[in-house]
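The values are calculated or read from the model by the stated rules, or taken from the named source; none is laboratory data. Keep in mind it's a predicted model, so treat the numbers as computed, not measured. Reconstructed Cβ throughout: ideal geometry from the backbone, glycine too, with neighbour counts over all protein chains shown. The protein model used for the area step is the full one, side chains on, heavy atoms only, and it has no ligands, DNA or RNA in it. Shrake-Rupley method; radii C 1.70, N 1.55, O 1.52, S 1.80 Å.
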Amino acid sequence: MRKGLRVLGLAFGLTLAGAGSAAAQVAWDSPMLIVPRGQPGLGLYLMETFGGDIGFMGAWRPASQGVGFRIGIAEEPFDDIALFGGVDINGRLARASREFPLDIDWVLGAGLSVGDDFLLSFPAGITLGRTLEADGVRFVPYATPRVILDAFFGDVDDELDLDVAVDIGIELGFGRNFAVRFGGTLGRDAVAIGVVF
């Protein structure tokens, strides 16, 4: 068992050491902003993107589980513009109960970013959180650890990388049809805040 954990730790460390070389292009998936049992609907977000600067994203998720879509625009370094978009899907793994304190969903995605260069990204992981309610407000802290396969196509070089990232965020739900969602990504430094309705 200890040997297996050492091998897993070494593989994780090597992945982190080699991560991040696709940062020359805006990443569509950071932050992912997928909350287990989260508010469905249209999300509008202001972002500080990974591989770029300030951006704006729209996301549509018709249900808290299933397929979601996103499209956005962001400023790249040197004042160029990148367009990005993607499709993600999530499904139920576990729900919080007396025996287990967390809601857990699996998460998969595919998307691209086009600017000076071209980036295809394929994240896979889980999202976990806990829904707490008080005085009509729903409070959901969540985390989304994942691995991302990046295929980067640039003017100078093409690369294939494996990256690791974790979103940490909060959703505040007010009533049945409105929420404020925040997410920050560690490992692919990005942050976003917006509303879902």
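Residues that are modelled with pLDDT under 95 and either under 15 Å from MET32 (Cβ atoms) or part of a strand (DSSP E or B) (or both) within segment 120-137 comprise LEU132, GLU133, ALA134, VAL137, listed in sequence order.
Of GLY91, GLY85, all but one fail to be open to solvent by less than 40 Å² (accessible area, probe 1.4 Å), at pLDDT 95 or above, in contact with a Phe, Trp or Tyr (Cβ under 7 Å, 6 or more places away or on another chain) and closer than 21 Å to LEU132 by Cα; the exception is GLY91.
Working only within segment 71-82, note down all residues that are part of a strand (DSSP E or B) and either open to solvent by 20 Å² or more (accessible area, probe 1.4 Å) or in contact with a Lys or Arg (Cβ under 6 Å, 6 or more places away or on another chain) (or both).
Correct list: ILE71, ILE73, GLU75, ILE81.
Go through the residues of segment 162-174 one by one and say whether even a single one is of a type outside the set (A, V, I, L, M, F, W, C), out of contact with any His (no Cβ under 7 Å at 6 or more places or on another chain) and open to solvent by 30 Å² or more (accessible area, probe 1.4 Å). No, segment 162-174 contains no residue that is of a type outside the set (A, V, I, L, M, F, W, C), out of contact with any His (no Cβ under 7 Å at 6 or more places or on another chain) and open to solvent by 30 Å² or more (accessible area, probe 1.4 Å).
Quickly run through segment 149-197 and pick out the residues that are of a type in the set (Val, Ile, Thr), part of a strand (DSSP E or B) and out of contact with any helix residue (DSSP H, G or I) (no Cβ under 7 Å at 6 or more places or on another chain). If the condition is that a residue be of a type in the set (Val, Ile, Thr), part of a strand (DSSP E or B) and out of contact with any helix residue (DSSP H, G or I) (no Cβ under 7 Å at 6 or more places or on another chain), then VAL166, ILE168, ILE170, VAL180, THR185, VAL191, ILE193, VAL195, VAL196 are the ones that fit.
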